[in-house]
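Asks: First, the structure itself, so that you have it in front of you.
The values are calculated or read from the model by the stated rules, or taken from the named source; none is laboratory data. Quantities reported herein were computed from a predicted structural model and do not represent experimental measurements. All Cβ positions, even for glycine, are placed from backbone atoms using ideal geometry, and neighbour counts span all protein chains on display.
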Amino acid sequence: MRKLQNGRTLYYGKGDVLTYRTYAAPLNVEMIEESSYRGNENVIFAHNIKFSVSGESLLTSFTEGDNSRVVATDSMKNFILGQSVLYEGNTTEGLLSFLGERFLAKYAHITGIDIEATRIPFGQVTVKGDRGFANSDLVYRAMHNETSHARLELVRVSEGSAVNAMRSGLNDLQLIKVSGSSFFGFIRDEYTTLPESYDRPLFIFLNIDWSYTHHSDAIGGSGYVAAEQVRDIAHHVFHEYKTPSIQYLLYRIGLRILGRFPQLEEVFFESNNRTWETFVEPKGFGQAAVYTEPRPPYGFQGFTMTRGDLAEAGND
Ligand SMILES: O=c1[nH]c(=O)c2[nH]c(=O)[nH]c2[nH]1
């Protein structure tokens, strides 16, 4: 999308378009075994949006300073904010598809759109009413934990627009497992100083992305996968498995996600190893210990998995 016919890359757009839409349609998802998540009332449906466009006819804006075909990025921001109120759906992917389609419909010379958004999370607060504690439907609290996101590439086609690529995901999961993780058996040679560990406090930072076999499942379809469900699967698998490495943990999480959601085609992982450094060793399981932040540098892993991996592994 970003490349023109001659192979040249061309795009421009607006980032950090903070869009605090209220009272979007509620989302209800089918429950899965690992999660009590049922959906979102979407009273606050807030996103940080990044939007860019491309098209052959924009070339002269770069080569000749000809602004006659330029939609100002300030106008793009206004378009996003103004159109967001009209979105009748309930997912980030749906919102992005809606905004992209509308933009292509309005500006005939734009042929490609790349649009991504991170959901800005707001959580429930409980208040005491006549029948005890219940969720407030008025007050929400800003959250600073993991965030969900989506990215879509739309292209102009003869009948309107089509989704060229789409990815959804979850960023900045930060999970500590205090016991039940090991790391041993790795190569020992003249460069090795790390002792083998049979029970380490494993702290990981984790990003998980996923793509659907059919984009339509995520955009208005019934096969929507909520980031909260993927998060809860990661929690469960980390809890369940005694892991010999982060690499293996990612694989087990991936199998479970692909198993739970047949509508997904691929899962992508990126993790950081932030294992706490031991200052006072525990005397045994469940005993007091003291750890501190690990010293840099940090290790990382990347891994992608497809339905083929699930088929090879058999039933998880
Ligand atoms: O889970 C881990 N995988 C590694 O590859 C690695 N390397 C290392 O030093 N610690 C760890 N931990």
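Asks: Could you please let me know if residue 281 is among the acidic types (Asp, Glu), farther than 16 Å from residue 206 by Cβ and within 13 Å of the ligand (Cβ to nearest atom)? Reasoning before the result, please.
Replies: Working: among the acidic types (Asp, Glu): yes; farther than 16 Å from residue 206 by Cβ: yes; within 13 Å of the ligand (Cβ to nearest atom): no.
Judged against the criteria, residue 281 is not a match.
Asks: Further, regarding this structure: Pairs needed: first member in region 232-247, farther than 19 Å from residue 300 by Cα and in a helix (DSSP H, G or I); second member anywhere, more than 15 Å from the ligand (Cβ to nearest atom) and of a type in the set (Val, Ile, Thr); C-beta distance under 7 Å; at least 6 residues apart or different chains.
Replies: 233/257
Asks: Report, by residue number, each residue of region 249-296 that is loosely packed, with under 14 Cβ neighbours inside 10 Å and among the hydroxyl-bearing types (Ser, Thr, Tyr).
Replies: Residue satisfying the conditions is 292 alone.
Asks: Next question. When you go through 35, 57, 52 one by one, which is the residue that is in contact with a helix residue (DSSP H, G or I) (Cβ under 8 Å, 6 or more places away or on another chain), assigned by TED's automatic domain parsing to the domain that holds residue 73 and either crowded, with 18+ Cβ neighbours inside 10 Å or among the polar types (S, T, N, Q) (or both)? Let's see the steps before the verdict.
Replies: Details: 57 fails: in contact with a helix residue (DSSP H, G or I) (Cβ under 8 Å, 6 or more places away or on another chain); 52 fails: in contact with a helix residue (DSSP H, G or I) (Cβ under 8 Å, 6 or more places away or on another chain).
Result of the check over 35, 57, 52: 35.
Asks: Only one of (1) in the same structural domain as residue 143 (by TED's automatic domain parsing); (2) of a type outside the set (Phe, Trp, Tyr); (3) farther than 24 Å from residue 231 by Cα fails for residue 5. Which number is that?
Replies: It fails just one condition, (1).
Asks: Name the residue that is nearest to residue 168 (Cα to Cα), counting only residues in region 134-146 that are surrounded by 10 or more Cβ atoms within 10 Å (Cβ to Cβ) and free of Cβ contacts under 8 Å to residues at least 40 places away in the same chain.
Replies: Residues of region 134-146 surrounded by 10 or more Cβ atoms within 10 Å (Cβ to Cβ): 134-137, 139-143, 145-146.
Cutting the leftovers down to free of Cβ contacts under 8 Å to residues at least 40 places away in the same chain gives us 134-136, 139, 141-143, 145.
Values: 134: 31, 135: 28, 136: 29, 139: 28, 141: 24, 142: 22, 143: 20, 145: 17 Å.
Only one residue tops the list, namely 145.
Asks: Moving on to the next point. Does region 293-305 contain any residue that is over 16 Å from residue 234 (Cα atoms), more than 16 Å from the ligand (Cβ to nearest atom) and either in contact with a strand residue (DSSP E or B) (Cβ under 9 Å, 6 or more places away or on another chain) or modelled with pLDDT of 95 or more (or both)?
Replies: Within region 293-305, the subset over 16 Å from residue 234 (Cα atoms) is 293-300.
Cutting the leftovers down to more than 16 Å from the ligand (Cβ to nearest atom) gives us none.
No, region 293-305 has no match at all.
Asks: Next question. Residue under question is residue 246, and the condition is that it be under 17 Å from residue 305 (Cα atoms) and within 12 Å of the ligand (Cβ to nearest atom); does it hold?
Replies: Numbers: under 17 Å from residue 305 (Cα atoms): yes; within 12 Å of the ligand (Cβ to nearest atom): yes.
Judged against the criteria, residue 246 is a match.
Asks: Would you mind stating whether residue 274 is touching a Phe, Trp or Tyr at 6+ places or on another chain (Cβ under 6 Å), under 20 Å from residue 229 (Cβ atoms) and either within 16 Å of the ligand (Cβ to nearest atom) or modelled with pLDDT under 95 (or both)?
Replies: Working: touching a Phe, Trp or Tyr at 6+ places or on another chain (Cβ under 6 Å): yes; under 20 Å from residue 229 (Cβ atoms): no; either within 16 Å of the ligand (Cβ to nearest atom) or modelled with pLDDT under 95 (or both): yes.
So residue 274 fails the test.
Asks: Moving to a separate point now. Looking at residue 76 and the list (1) out of contact with any Phe, Trp or Tyr (no Cβ under 6 Å at 6 or more places or on another chain); (2) closer than 18 Å to residue 11 by Cα; (3) not acidic (Asp, Glu), which single condition is not satisfied?
Replies: Going through the list (1) out of contact with any Phe, Trp or Tyr (no Cβ under 6 Å at 6 or more places or on another chain); (2) closer than 18 Å to residue 11 by Cα; (3) not acidic (Asp, Glu), residue 76 breaks only (1).
Asks: Here's another thing I want to ask about it. I need a count of the residues in region 175-213 that are more than 13 Å from the ligand (Cβ to nearest atom), without any contact (Cβ under 8 Å) to a residue 40 or more places away in the chain and assigned to a strand (DSSP E or B).
Replies: Residues meeting the conditions: 0.
Asks: Can you tell me which residue within region 1-32, out of those that are charged (D, E, K, R) and closer than 19 Å to residue 72 by Cα, is surrounded by the fewest Cβ atoms within 10 Å (Cβ to Cβ)?
Replies: At the first step, the residues of region 1-32 found to be charged (D, E, K, R) are 2-3, 8, 14, 16, 21, 30.
The next check asks that each one be closer than 19 Å to residue 72 by Cα; those that pass are 2, 14, 16.
Numbers: 2: 13, 14: 19, 16: 8.
Of everything passing the filter in region 1-32, 16 is surrounded by the fewest Cβ atoms within 10 Å (Cβ to Cβ).
Asks: Counting just the residues of region 77-133 that are assigned to a strand (DSSP E or B) and of a type in the set (Gly, Ala, Ser), which one comes out farthest from residue 40 (Cα to Cα)? So that I can check it myself, show each step before the final result.
Replies: Restricting attention to region 77-133, the residues satisfying the condition of being assigned to a strand (DSSP E or B) are 112-120, 122-129, 132-133.
Still in the running and of a type in the set (Gly, Ala, Ser): 112, 117, 123, 129, 132.
Values: 112: 31, 117: 17, 123: 10, 129: 22, 132: 22 Å.
The extreme case among them is 112.
Asks: Give region 260-288 a look and list any residue that's aliphatic (A, V, I, L, M), part of a loop (DSSP other than H, G, I, E, B) and in contact (Cβ under 8 Å) with a residue 12 or more places away in the chain, or say none.
Replies: Just the residues of region 260-288 that are aliphatic (A, V, I, L, M), to begin with: 264, 267, 280, 288.
Applying the additional criterion that residues be part of a loop (DSSP other than H, G, I, E, B) yields 288.
None; the set is empty.
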